[in-house]
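**Q** First, the structure itself, so that you have it in front of you.
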Amino acid sequence: MNASVSANYTPSCYVINSPPFNYTHPIASAYYPSIFTFLGLMSNLIAFIVLIKSFQRAQSQSRSFFLIFLSGLVVTDFMGILVSGCIVGAFHVTHFNWRTLDPNCHFCNFMGMTMVFYGLCPLMLGATMAVERFIGINLPFERTFSITKRRTISMVLMVWFIAGCIALLPLAGLGSYHMQKPGSWCFFNIGSEGNDLVFSLIFSLVGLICISVSFVLNTVSLVTLIKVCCGQDRSQRRRDYEVEMMVQLILILVIASICWCPLLIFIAQTVLSGVQVQIKYLLLWVRFATGNQILDPWVYILFRRAVLKRIYPRFDWSRGSIMTMYPSLRDTMRRVTRSSLTGTLRSNRAEEMGKLHVTTQLP
């Protein structure tokens, strides 16, 4: 009797989808994970070496703090690709049976946690970097006294801790991890009922909120930085390194938005509409999200002053102002400023002459 019950028992992670699968969609080919894993690991490894060298040469505290965040992002992307890529690659090479290898769903739950943790970390770190840059550009004095190297590292660790807590929620009963087609990976159940609905919305909303916060704060910081560079004190404050950090941060935001928004919106739309998950779209948008971990490192590799100086050698980096990149804009700003000052002086003189004329005519 007990043997019969155990034979008919299906572990929780195989209730919805149970291997083996007869699924041969082209997007499920072994070439995708192999190419993505190789490119991702090499890109992040090169970026990490570049960041170490940049950190050794960094002369400002704000630049050092920003490089710590970037290093945390590179380590996160590297480990995410390494763990998930090894599991998926091993499946395509050996074609192992998940139910035989993992009868208690421990391995499946681990991979599901990995997908959630390493998926949310880049988005949350991007929002954290946007907050740090917002404080550094808009509130420089508060930043000097509030943010230190130790606190910067603590902020990275806090992001990892929060993402880890979210990834553990399905093990606590809020949501559930399940085997996904074509049988090479596990992810949380994108369902429209009960705890699966709640966890799906948590994952989607956390990602979308991080992207929205990054967009708003980066926009404000960029506008403030342009005003500072266009102001009268542009010759007194070096802003090249801040421009470099803002360019990198904006590119990180653009890449994250393009890669992650389709998946996050697809999850929210699926659970709110109550329709069944279409596996071909889920696999497609997961591939898009994986591209974020591949493209991010090239932002740090290519968009640096040392590289841009080689591409555009005629640019005078020693002048320390973004306005030197746009001499026509600089001349326009000067002409507008001079014309406005001249107009103001003329109007003031006209008012004074009018008052003097009226005074002389009084009895």
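**Q** Return the residue satisfying two criteria in turn: it lies in the stretch 173-199 and is in contact (Cβ under 8 Å) with a residue 40 or more places away in the chain and farther than 22 Å from R287 by Cα, and of such residues it is surrounded by the fewest Cβ atoms within 10 Å (Cβ to Cβ). Write out each step before concluding.
**A** Step one: of the stretch 173-199, the residues in contact (Cβ under 8 Å) with a residue 40 or more places away in the chain are 176-192, 196-197.
Restricting the remaining residues to those that are farther than 22 Å from R287 by Cα gives 192, 196-197.
Details: S192: 15, D196: 20, L197: 17.
Across the stretch 173-199, the extreme among qualifying residues is S192.
**Q** For residues that are touching a residue at least 12 places away in the same chain (Cβ under 8 Å) and not in a helix (DSSP H, G or I), scanning just the stretch 276-305, find the one that is farthest from L67 (Cα to Cα).
**A** Step one: of the stretch 276-305, the residues touching a residue at least 12 places away in the same chain (Cβ under 8 Å) are 277, 279-301, 303-305.
Going one step further and asking which of them are not in a helix (DSSP H, G or I), we end up with 277, 303-304.
Details: V277: 39, F303: 14, R304: 12 Å.
Step by step, filter the stretch 276-305, then rank; the result is V277.
**Q** For the condition out of contact with any strand residue (DSSP E or B) (no Cβ under 7 Å at 6 or more places or on another chain), assigned to a helix (DSSP H, G or I) and surrounded by fewer than 20 Cβ atoms within 10 Å (Cβ to Cβ), what is the one hit in G164, G136?
**A** Step by step, each of G164, G136 is checked, and only G164 is out of contact with any strand residue (DSSP E or B) (no Cβ under 7 Å at 6 or more places or on another chain), assigned to a helix (DSSP H, G or I) and surrounded by fewer than 20 Cβ atoms within 10 Å (Cβ to Cβ).
One line per residue, one yes/no per condition, for (1) among the aliphatic types (A, V, I, L, M); (2) under 22 Å from S257 (Cβ atoms); (3) without any contact (Cβ under 8 Å) to a residue 60 or more places away in the chain:
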position: C86; (1), (2), (3): no, no, yes
position: G89; (1), (2), (3): no, no, yes
position: C108; (1), (2), (3): no, no, no
position: G119; (1), (2), (3): no, yes, no
position: P122; (1), (2), (3): no, yes, no
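**Q** Return the pair list, or none, for Cβ contacts closer than 6 Å from residues in the stretch 204-228 that are touching a residue at least 40 places away in the same chain (Cβ under 8 Å) to residues that are among the β-branched types (V, I, T) and part of a helix (DSSP H, G or I), at least 6 apart or on different chains.
**A** Close Cβ pairs (under 6 Å, with a partner that is among the β-branched types (V, I, T) and part of a helix (DSSP H, G or I)) amount to S204/I267; N218/I250; S221/I137; T224/I137; L225/I137.
**Q** Any residue in the stretch 277-284 that is of a type outside the set (A, V, I, L, M, F, W, C), at pLDDT below 85 and over 30 Å from D77 (Cα atoms)?
**A** We begin by selecting, within the stretch 277-284, every residue of a type outside the set (A, V, I, L, M, F, W, C); these are 278, 280-281.
From what's left, at pLDDT below 85: 280.
Applying the additional criterion that residues be over 30 Å from D77 (Cα atoms) yields none.
Looking for residues that are of a type outside the set (A, V, I, L, M, F, W, C), at pLDDT below 85 and over 30 Å from D77 (Cα atoms), one finds none in the stretch 277-284, hence no.
**Q** Return yes or no: is L45 at pLDDT 90 or above, in contact with a Pro (Cβ under 9 Å, 6 or more places away or on another chain), closer than 19 Å to V247 by Cβ and part of a helix (DSSP H, G or I)? Walk me through how you get there before you give the answer.
**A** Values: at pLDDT 90 or above: yes; in contact with a Pro (Cβ under 9 Å, 6 or more places away or on another chain): yes; closer than 19 Å to V247 by Cβ: no; part of a helix (DSSP H, G or I): yes.
Criteria not met by L45.
**Q** Could you list, in sequence order, the residues of the stretch 200-214 that are under 17 Å from the mean Cα position of the chain (by Cα) and surrounded by fewer than 17 Cβ atoms within 10 Å (Cβ to Cβ)?
**A** Filtering the stretch 200-214 down to residues under 17 Å from the mean Cα position of the chain (by Cα) leaves 203-214.
Of everything in the stretch 200-214, those that are under 17 Å from the mean Cα position of the chain (by Cα) and surrounded by fewer than 17 Cβ atoms within 10 Å (Cβ to Cβ) turn out to be L205, I209, S212.
**Q** Here are the criteria: (1) within 13 Å of P33 (Cα to Cα); (2) touching a residue at least 40 places away in the same chain (Cβ under 8 Å). Tell me which single one L70 does not satisfy.
**A** (1)
The values are calculated or read from the model by the stated rules, or taken from the named source; none is laboratory data. The structure presented is a predicted model; accordingly, all values stated were derived computationally and were not measured. Neighbour counts are summed over all protein chains in view; Cβ atoms, including those assigned to glycine, are modelled from backbone coordinates with ideal geometry.
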